[in-house]
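To start, the structure under review is shown below, and the notes come after it.
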Amino acid sequence: MDLFYVSADYQRQGVGQKLLNDLEKSSNYTSFMVNSSITAKPFFEKMGYKETKKNCVHLRGQNFVNFTLKKVVE
């Protein structure tokens, strides 16, 4: 999954949860992976995703951290 965002005007209103639930339910996939920012990580963890890897990228003198998370759907 890539580029999953909700406008700041609609955050904390259940919009992201509804979209993600509908996406997972309408898919034939049995697992999902996402590279999440540190800010979005709690949202994905709340939705049942588990951290599998911490990623650090050094670019133009800056360190960037994100996390790979995975969810297996039964």
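The table below lists the values:
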quantity: Cα gyration tensor shape of the stretch 5-47, rounded if a/c is under 1.5, else prolate or oblate by comparing a/b with b/c; calculated: oblate
quantity: Accessible carbon and sulfur surface of the chain relative to its total accessible area, %, 1.4 Å; calculated: 51 percent
quantity: Accessible heavy-atom area order of D22, D2, highest first, probe of 1.4 Å; calculated: D2, D22
quantity: Total lysine pairs whose alpha carbons fall under 14 Å of each other in the chain (8 or more apart, or interchain); calculated: 14
quantity: Relative contact order, percent, the chain [alpha-carbon distance under 8 Å, six or more residues apart]; calculated: 33 percent
quantity: Listed values (i) 47; (ii) 56; (iii) 53, entry calculated as percent of Cα pairs over 16 Å apart; calculated: (iii)
quantity: Mean accessible surface per residue for the chain, computed with a 1.4 Å probe while every protein chain stays in place, in Å²; calculated: 81 Å²
quantity: Acute angle (nearest 10 degrees) that the helix 15-26 long axis makes with the longest principal axis of the chain, alpha-carbon atoms; calculated: 70 degrees
quantity: Trypsin sites (Lys or Arg not before Pro) restricted to the chain and DSSP loop, no more than 15 other C-beta within 10 Å; calculated: R12, R60
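The values are calculated or read from the model by the stated rules, or taken from the named source; none is laboratory data. Since the structure is predicted, the reported quantities are computational estimates derived from the model, not experimental observations. Note that each Cβ is placed from the backbone with ideal geometry, even for glycine, and that neighbours are counted across all protein chains shown. Each accessible area value is taken on the protein alone, full model and side chains, heavy atoms only, with ligands, DNA and RNA left out. Shrake-Rupley method; radii C 1.70, N 1.55, O 1.52, S 1.80 Å.
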